[in-house]
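Data first, discussion second: the structure below is written as structure tokens.
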Amino acid sequence: MPELDPSSQRFEQLRAEQVAALYRNAVPGTLGAVGAALVLTGMLVLQGSVSLVIGATFIALNVVHASGRLWLVRAYHRSTPLTTAWRRWGLRMSTSAVVGGLTWGLGSLLLMDRGHPELQLIVFLVCASLAAGAITAFGTYLPAYYGTLFSIMGPTAIWSAAQGDLLHWTYAVLTAIWIPAMAVMARTFNRMLAGSLRLQFENLDLATDARRQKERAEEANLAKSRFLASASHDLRQPVHALGMFMGALRGREMDHESRRLVGQIEGSIAALDGLFISLLDISRLDAGVIQIHRCPFPIHPLLERICREEAPEAARRGVELTLVPCSLNVSTDPILLERIVRNLVSNAVRHSGGDHVLVGCRRGERLSVEVRDSGRGIPADQQHLIFEEFYQIGNAERDRTKGLGLGLAIVRRLTAMLDIPLTLRSQPGKGSVFTLAVPIARLDELSPAEPADEPEVTSESRLILVIDDELAIQDAMRTLLMEWGHSVLVAGSGDEMFERVAGLSRRPDLVISDYRLRGSENGLDVIRRLRAALSNAIPAILITGDTSASRLGEAGASSCFLLHKPLSITKLRGAIAAMTSANGPAAPTPTAAP
């Protein structure tokens, strides 16, 4: 079948829907006409105006026609006709409409009692009523209605005119006026319906187009996420290796100028690390791997710690950072709440452009934690945009020293996770106020807090297995771990590591593996194989630079300690201490060859 142009296709759709409405409305109109025939004929027979035979004949004609029309409706609904088949089905119903009209128009002449004009008038009125009522049933498709109108009213008008007297001529004239009036009304009804259908089609087109645009946007966003995840992993690898080398270099003897250069390099690495952490936070939130642990705790120590740690940066920028004490306890996840408030305070100190930042609380049904700044403020048309990824005000040049534009995007996601409403009030030139509505802890929730035990960094030598498919990272990890006094075996794959541990006489104390290895191999599989072969209790650290949701979800579900690239030297050393402290001191052994 040749493809239709859009205008022709819309015409076909419109006509098909009109014919479909015709078949939907045909049943009530048909049954109503049969009912009218029964009532009218019964009254005339009881009045003695017509004989029982004539009455039965008229009713039988109506029943036969009604049965044929109902069969036609059933055939239409069972055929599920195509859009282009509307002409065939419209012609069939139009033919049925003409036959039904003639059944009444000609059949009603059998009911005329020449001696009782008042009974003739009743017959005329019933015919006129059927013609008017057919507008709702057949007005959706004008050929069907016109067939009904003329076939009902035409025979009675002609018969009346043929009688020659004034009364019948009056009826004939009224009928001549009635027919065009009903035709105009039917045409108006048809146009209203067609306009409604066109509007419905346009709305459907808009909804379809919107759905397609949404699907395209989601596909583009997914492609972007895949690209960023892949690019992030590739960029993290050299930064990760650089951090390991710098950690090893920091322990060497250097003059003052060398240490200054090392410090500057470490500052650049820290800046890259901060950018990668922000990207990773977004990916982890989207991946759903962050668990919420709600508990009651006092709010003031958290706010005090944040302000104390931000104080040096505030002093460097000439910003007065003030904290108003609060004695209340709240009930939420303390770690995630700290991240939210820290982002808000850091953003106010670094990017608001003001000289004063106030952190305080107001009590209500919930505790309102407010971060106020006296900065440049945020225009109303941009207040909803600042919570989008990578959006920054006043950083058109994309200066990386001003951040990446992810802090408030992370805040928005975290507040949604914790069910903590976040509001913003701001006016240009008058600063901004970010308010968090945090649940207040009930008295029965409060319990004495126990201090958390932090692992001690041990100086004992451990035998550590390192699996990474990049030689630079192998070299960097071996150099760093040996600087810390550990024995190290490095390998680029699981099979290579199995070859190296085959002759060992002692159990390794720790496995450190990258997630992505060569080919389809990954670090989780290698760790499982090593645990099965050496000891199910061997601790393991999994390192990943992958930010894709599926990878993060899989890694987060593992029993390994998870670290993300670029790797902080302090975090790595703390993780090694935490994972190996339960094993007890290990006997010193010679450093294994790589």
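The values are calculated or read from the model by the stated rules, or taken from the named source; none is laboratory data. For clarity, every value in this text was computed on a predicted model and none was experimentally measured. Here the Cβ positions follow ideal geometry from the backbone for every residue, glycine too, while neighbour counts run over all protein chains shown.
So is ARG69 of a type in the set (Lys, Arg), in contact with a Pro (Cβ under 9 Å, 6 or more places away or on another chain), in the same structural domain as ASN25 (by TED's automatic domain parsing) and assigned to a helix (DSSP H, G or I) or not?
It is false that ARG69 is of a type in the set (Lys, Arg), in contact with a Pro (Cβ under 9 Å, 6 or more places away or on another chain), in the same structural domain as ASN25 (by TED's automatic domain parsing) and assigned to a helix (DSSP H, G or I).
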Residues of segment 306-335 that turn out to be of a type in the set (Gly, Ala, Ser) and either assigned to a strand (DSSP E or B) or surrounded by 14 or more Cβ atoms within 10 Å (Cβ to Cβ) (or both), as a count: 3
Any hit, segment 101-120, residues being within 19 Å of ALA33 (Cα to Cα), in contact with a helix residue (DSSP H, G or I) (Cβ under 8 Å, 6 or more places away or on another chain), part of a loop (DSSP other than H, G, I, E, B) and in the same structural domain as ALA37 (by TED's automatic domain parsing): yes
Residue in segment 330-353 that is over 23 Å from LEU414 (Cα atoms) and free of Cβ contacts under 8 Å to residues at least 40 places away in the same chain present: no
Flag for GLY360 being touching an Asp or Glu at 6+ places or on another chain (Cβ under 8 Å) and farther than 19 Å from LEU408 by Cβ: yes
Residue check, ASP495 within 16 Å of GLN474 (Cβ to Cβ) and at pLDDT 85 or above: yes
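Just to verify a result, which residue in segment 129-155, among those that are within 60 Å of the chain's Cα centre (by Cα) and more than 23 Å from MET192 (Cα to Cα), is surrounded by the most Cβ atoms within 10 Å (Cβ to Cβ)?
Per the criteria, the residue is ILE152.
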Whichever residue in segment 43-101 is of a type in the set (D, E, K, R) and more than 18 Å from ALA134 (Cα to Cα) and, among such residues, is surrounded by the fewest Cβ atoms within 10 Å (Cβ to Cβ): ARG78
Scan of segment 102-137 for residues that are touching a Leu at 6+ places or on another chain (Cβ under 9 Å) and among the polar types (S, T, N, Q), ordered by number: THR103, SER108, GLN120
Verdict on ILE538 being among the β-branched types (Val, Ile, Thr), assigned to a loop (DSSP other than H, G, I, E, B), assigned by TED's automatic domain parsing to the domain that holds ILE467 and within 22 Å of HIS564 (Cα to Cα): yes
Extreme residue, farthest from ASP113 (Cα to Cα), among residues of segment 50-87 that are modelled with pLDDT of 85 or more and among the basic types (Lys, Arg): ARG74
